[in-house]
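Student: Following this message is one structure expressed as structure tokens.
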Amino acid sequence: MNSLNNTPSSKHRHKLKYINEWGTWKKKNGLHIREKIRYSVCENCSYHNKLRTHEIETVGLNKRQINPSQFLTVLEIKVAKIILKDLYKSGNKKRWSSWKETLYKKWSFTIIEKTMDKLHTHGFLIKRQKKDPSRINQWDIHHVYYNEKMTESIEAFLGINSKKIFHWEENPFPPLVPPSSNNAKTLSDLIYVNQKHHEHSSNYVIEGVDKAKMIFPRTSKGVYLKLIRGIWGLYQLSNTGRQLYLKEFSQEFFHDTKTFTKSDRDKLDKIVNGVERFGLYQARNEVLISGAFQWKWNGTKGNSLAIKGYLPLPRDMIAEMEITQWAADKLLIVENQDLFINIAKRNLLNNNDWAILFGSGYISSEEEIIISEAVKLGLKCIYFWCDLDPYGFLIADHFQKKANLPIPIYLFGFNTNWFSKLSIYKELTKIDKEELQQLLNEDLPFQIKELLFLMKETGYKGEQEFFSNLIKKSTFEKEVVAESIRLS
């Protein structure tokens, strides 16, 4: 990827914006220390300048999960519980300037300082400090927050059970309406059998339709309950005669497209001896595309304009067909199906200038064939629109590296502006946070890093489906072009 350089341009007046970024943690004087860095970046050229902020964060070197009561006195324990509880409940958003006044009214300055110093030295408290310009080597605290890596010990110290209980974990066996088909009857019998296991067995047991049993360790309660809810979801599909694909199934019964995974589906497939007969499909058997093009297949000619909105092409047909004409010089790849359909049906982009492809995560070989043929016939650039989360960027980055196309590929909307437009956000998962941290350690364009830092600071991510009502035909094309950054 392109990285910025520090060579000023003499051809224009710089239009500067400023980005703050925390450096990496380094060991110094018995502490972990990192410095806040401020960059001035020109929005119109590659110029940027690194500035010092004289602002640091420090925390002790301890990484072990220990109980603070092991190193605090009885009185300090009382103070520590107030400090950590306040920070925990506020989500690390206590204002030190006003909060410290409240603390000093309850406890003496000495006991608060001693308690905070011990929590800081043992890795529980992080201090953010600014250098006092009027005094030599004087650093003043202006923010204090708990070290999230010590959350397990802090929760134990405060007596907090933080495990999030999902709705499908609270009530694993909701009431069933009478079955309306033989398949539904098979699943209702299976649910009642496993409900008896749940009520009378000391282990987590799931019995399949073939009477074989899966036994889960106590540490795998979440997986067990997810599969139980999966059986219940299949029952709802069978009883209503509906079919869903994996992401849609996960969204409907788990309220998130990524909760019920392919691995979960494979386990459920063994339990019910084939999930597709009950209405759950792995992925779409078609490639969804909108735009003006023509093709030949098996001696027959086809024209996409004969289909209103968008065209579903069977996957097993794509390798055998030949695209003979392609009108658009720009292609927009959209990760979310509902958003893709919304754009296509509302004609938000001109069919002669733009084609739209539903990506559904990582681009498949069939979609790659279409893109490759389109490039040969005049496609000049590709715009990738993904979810505003670490995996969204990884999907786009993987595509541009793997495709190795002779045309530019852009990433659209992956910036703080589009993130701020959302009215609904989702919490970053543990896996999201791990991927996010890895990306922050890479050399990425500032626009992308700026959004990743915002995700990290807020703890939230955004999904495309919530953009449907925010895009307008009069401005959408200009926004796609203006708010995209080149990946290749």
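Student: Suppose we filter ILE395, ILE343, ILE363 for residues that are modelled with pLDDT under 90, assigned to a helix (DSSP H, G or I) and among the hydrophobic types (A, V, I, L, M, F, W, C); which single one remains?
Tutor: Values: ILE343 fails: modelled with pLDDT under 90; ILE363 fails: assigned to a helix (DSSP H, G or I).
Every option except ILE395 fails the conditions.
Every residue, every condition in (1) free of Cβ contacts under 8 Å to residues at least 60 places away in the same chain; (2) closer than 19 Å to LYS430 by Cα, yes or no:
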{"residue": "SER134", "(1), (2)": "yes, no"}
{"residue": "HIS143", "(1), (2)": "yes, no"}
{"residue": "ASN147", "(1), (2)": "no, yes"}
{"residue": "GLU152", "(1), (2)": "no, yes"}
{"residue": "PHE157", "(1), (2)": "no, no"}
{"residue": "GLU170", "(1), (2)": "yes, no"}
{"residue": "PRO175", "(1), (2)": "yes, no"}
{"residue": "PRO178", "(1), (2)": "yes, no"}
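Student: Looking at GLN129, is it assigned by TED's automatic domain parsing to the domain that holds LYS149 and either exposed (fewer than 11 other Cβ atoms within 10 Å of the Cβ) or under 33 Å from the mean Cα position of the chain (by Cα) (or both)? Reasoning before the result, please.
Tutor: Details: assigned by TED's automatic domain parsing to the domain that holds LYS149: yes; either exposed (fewer than 11 other Cβ atoms within 10 Å of the Cβ) or under 33 Å from the mean Cα position of the chain (by Cα) (or both): yes.
Considered against the rule, which asks whether it is assigned by TED's automatic domain parsing to the domain that holds LYS149 and either exposed (fewer than 11 other Cβ atoms within 10 Å of the Cβ) or under 33 Å from the mean Cα position of the chain (by Cα) (or both), GLN129 comes out as yes.
Student: Still on this model: Does GLU373 meet the test of being part of a helix (DSSP H, G or I) and free of Cβ contacts under 8 Å to residues at least 40 places away in the same chain? Explain how you work it out, then say what you get.
Tutor: Numbers: part of a helix (DSSP H, G or I): yes; free of Cβ contacts under 8 Å to residues at least 40 places away in the same chain: no.
Criteria not met by GLU373.
Table: residues versus (1) crowded, with 16+ Cβ neighbours inside 10 Å; (2) under 28 Å from LYS461 (Cα atoms); (3) among the charged types (D, E, K, R).
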site: GLY222; (1), (2), (3): no, yes, no
site: GLN236; (1), (2), (3): yes, no, no
site: PHE253; (1), (2), (3): yes, yes, no
site: ASP256; (1), (2), (3): no, yes, yes
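Student: Buried (at least 16 other Cβ atoms within 10 Å of the Cβ) and without any contact (Cβ under 8 Å) to a residue 24 or more places away in the chain: is that true of LYS105 in this structure? I'd like the intermediate steps shown before the answer.
Tutor: Values: buried (at least 16 other Cβ atoms within 10 Å of the Cβ): no; without any contact (Cβ under 8 Å) to a residue 24 or more places away in the chain: yes.
So LYS105 does not fit the description; no.
Student: Kindly indicate whether GLY274 is in the same structural domain as THR257 (by TED's automatic domain parsing), assigned to a loop (DSSP other than H, G, I, E, B), surrounded by fewer than 17 Cβ atoms within 10 Å (Cβ to Cβ) and of a type outside the set (S, T, N, Q).
Tutor: Here the answer is yes, as GLY274 does meet what is asked.
Student: If a residue must be among the hydrophobic types (A, V, I, L, M, F, W, C) and either assigned to a loop (DSSP other than H, G, I, E, B) or surrounded by fewer than 16 Cβ atoms within 10 Å (Cβ to Cβ) (or both), how many such residues does the stretch 325-340 contain? Show your work before the answer.
Tutor: Going through the stretch 325-340, the residues among the hydrophobic types (A, V, I, L, M, F, W, C) turn out to be 326-328, 331-334, 339-340.
After this cut, where a residue has to be either assigned to a loop (DSSP other than H, G, I, E, B) or surrounded by fewer than 16 Cβ atoms within 10 Å (Cβ to Cβ) (or both) as well, the list is 327-328.
Final tally of qualifying residues: 2.
Student: Name the single residue that is farthest from PHE466 (Cα to Cα) among those in the stretch 212-251 being at pLDDT 90 or above and among the aromatic types (Phe, Trp, Tyr).
Tutor: My answer is TYR224.
Student: Tell me, please, whether a residue that is in a helix (DSSP H, G or I) and surrounded by 14 or more Cβ atoms within 10 Å (Cβ to Cβ) can be found in the stretch 284-291. Step through it out loud before you land on a result.
Tutor: Kept after step one, since they are in a helix (DSSP H, G or I), are these residues of the stretch 284-291: none.
Scanning the stretch 284-291 turns up no residue that is in a helix (DSSP H, G or I) and surrounded by 14 or more Cβ atoms within 10 Å (Cβ to Cβ).
Student: Okay, moving on. Six or more apart or on different chains, Cβ under 7 Å: which pairs go from a residue in the stretch 461-487 that's crowded, with 16+ Cβ neighbours inside 10 Å to one that's part of a helix (DSSP H, G or I) and among the β-branched types (Val, Ile, Thr)? Could you list them?
Tutor: Pairs that qualify, where the first residue is crowded, with 16+ Cβ neighbours inside 10 Å and the partner is part of a helix (DSSP H, G or I) and among the β-branched types (Val, Ile, Thr), are ILE485/ILE448.
Student: Checking the condition under 29 Å from GLU465 (Cβ atoms), assigned to a helix (DSSP H, G or I), of a type in the set (Asp, Glu) and not assigned by TED's automatic domain parsing to the domain that holds LYS426, which residue from ASP189, ASP269, ASP256 passes? Spell out the reasoning first.
Tutor: Details: ASP189 fails: under 29 Å from GLU465 (Cβ atoms); ASP256 fails: assigned to a helix (DSSP H, G or I).
From the options ASP189, ASP269, ASP256, the qualifying one is ASP269.
The values are calculated or read from the model by the stated rules, or taken from the named source; none is laboratory data. Small disclaimer: the values here were computed from a predicted structure and weren't measured. All Cβ positions, even for glycine, are placed from backbone atoms using ideal geometry, and neighbour counts span all protein chains on display.
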